[in-house]
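**Student:** Quick one: the structure is below, questions incoming.
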Amino acid sequence: MSEPVDYSVSVNRTAAATDEAELLRANALLIAAAPELLEALRVLTDHAAEYYPHFECPRGQNDIAAARAAIAKATGAEVAR
């Protein structure tokens, strides 16, 4: 009688390959959408800073600063202080 074959490595590799494929697809979708996301963030940030007085509060200003930092990171620019 032959020994049972252990397929656990194959199953794990298949699961890992599926996870990796899903991750690659998700990254590709995010990269494809990045220009539109960046432009939308720019528009929203500028609009919020200009038109919403409640953004004068510390939390609002922190949110705008975080958005501007993300824009700077995405474009390789320095963060304006």
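**Student:** Could you sort 20-26, 61-67 so that the peptide with the highest average Cβ count within 10 Å comes first and the rest follow in order? Walk me through the numbers before you get to the answer.
**Tutor:** Numbers: 20-26: 10.0, 61-67: 14.0.
Ranked by mean Cβ neighbours within 10 Å, highest first: 61-67, 20-26.
**Student:** Given the Cα-Cα distance of Ala32 and Thr18 and 0.36 nm per residue of separation, how much length would full extension add, in nm?
**Tutor:** Details: separation 14, 0.36 × 14 = 5.04 nm, distance 2.09 nm.
This chain segment gains 3.0 nm when fully extended.
Read-outs: derived from the displayed coordinates by stated rules, not from any lab. Remember, it's a predicted structure, so these values are computed and weren't measured experimentally. Cβ coordinates were reconstructed from backbone atoms using ideal geometry, including for glycine residues, and neighbour counts include every protein chain displayed.
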